[in-house]
Amino acid sequence: MDYVEIFKQLAIVAAVAYLVGSIPTGYIVVKLFTGQDIRTIGSGSTGATNVKRVMGKKWFFTVMILDAIKGILPVLFAGYYGTVLTHSGLLSVVASICVILGHSKSIFLGFTGGKSVATGVGTLLALSWQAGLLIAVMWASITWITRYVSVGSMVALALAPIFMALLSAPPAYTAYAVIAAIYVIYLHRENIKRLIDGNENKIRE
């Protein structure tokens, strides 16, 4: 086994994924069209939910789709670029972890960012489109029922490892789903406090 080549591919995939994840989609959209810094508005997140507060539903879906694509691309890159560790899925998992880290801790925004929900779902779609689709449907359904985006996000990501396991995904993918779920729920810790206090914002029509 060529350990130098393994290290090289891991380093390149990790760097590419982190930089792609760091592209601050929501920040760019709001800055470009309104001149405002989204980090000073609402929750301070650069994600789609906070963009909706400033620019409405159309841009919520636009940013959400762009962030999901941002999650998909590095995983596909890892699959096409890698020639080692691909059988275990490890290279794709490294890409997935680094892209959600980039989204939430963007190097271009002083290591601030969003909560990695759409980007995380994008990575899961790239790893297993069936699991990713189930997660997206669960997110939409729970969000619609509860009217809380945060609840839909946390529950959908918490179910991701179960869906991966039921679909017999590689163990590395299921392990990543566990990591992603824990990380996304951690990023929602302020939302959890607001939910407990009854102060969390519900979505409006």
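If you go through segment 24-40 one residue at a time, do you hit one that is of a type in the set (D, E, K, R), closer than 19 Å to V184 by Cα and at pLDDT below 95? Spell out how you get there, then give the answer.
So the first thing to find is which residues in segment 24-40 are of a type in the set (D, E, K, R), and the list is 31, 37, 39.
The next check asks that each one be closer than 19 Å to V184 by Cα; those that pass are 39.
Imposing the further condition that a residue be at pLDDT below 95 reduces the set to 39.
Yes, there is a match, as at least one residue in segment 24-40 is of a type in the set (D, E, K, R), closer than 19 Å to V184 by Cα and at pLDDT below 95.
Within segment 178-190, the residues that satisfy the criterion of being surrounded by fewer than 21 Cβ atoms within 10 Å (Cβ to Cβ) and either in contact with a Gly (Cβ under 8 Å, 6 or more places away or on another chain) or aromatic (F, W, Y) (or both) are Y183, Y186.
Just wondering, is there one or more residues in segment 165-185 that are out of contact with any strand residue (DSSP E or B) (no Cβ under 6 Å at 6 or more places or on another chain) and on the phi > 0 side of the Ramachandran plot? The answer is yes; a qualifying residue exists.
For (1) surrounded by fewer than 16 Cβ atoms within 10 Å (Cβ to Cβ); (2) in a helix (DSSP H, G or I); (3) of a type in the set (S, T, N, Q); (4) touching a Gly at 6+ places or on another chain (Cβ under 9 Å), each residue gets a yes or a no:
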site: L134; (1), (2), (3), (4): no, yes, no, no
site: W139; (1), (2), (3), (4): no, yes, no, yes
site: I145; (1), (2), (3), (4): yes, yes, no, yes
site: A156; (1), (2), (3), (4): no, yes, no, no
site: F163; (1), (2), (3), (4): no, yes, no, yes
site: A169; (1), (2), (3), (4): no, no, no, yes
site: Y176; (1), (2), (3), (4): no, yes, no, yes
site: N199; (1), (2), (3), (4): yes, no, yes, no
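Any chance segment 125-141 includes a residue that's out of contact with any His (no Cβ under 8 Å at 6 or more places or on another chain), aliphatic (A, V, I, L, M) and closer than 21 Å to R53 by Cβ? Yes, some residue in segment 125-141 is out of contact with any His (no Cβ under 8 Å at 6 or more places or on another chain), aliphatic (A, V, I, L, M) and closer than 21 Å to R53 by Cβ. Scanning segment 177-201 for residues that are hydroxyl-bearing (S, T, Y) and within 12 Å of the chain's Cα centre (by Cα) turns up just one, Y183.
K115 meets the conditions (1) crowded, with 23+ Cβ neighbours inside 10 Å; (2) over 11 Å from the mean Cα position of the chain (by Cα); (3) part of a loop (DSSP other than H, G, I, E, B) in every case but one. The failed one is (2). For segment 7-19, the criterion of being more than 24 Å from V93 (Cβ to Cβ) and of a type in the set (D, E, K, R) is met by none of the residues.
The values are calculated or read from the model by the stated rules, or taken from the named source; none is laboratory data. Remember, predicted model here, so these are calculated numbers, not experimental data. Neighbour counts are summed over all protein chains in view; Cβ atoms, including those assigned to glycine, are modelled from backbone coordinates with ideal geometry.
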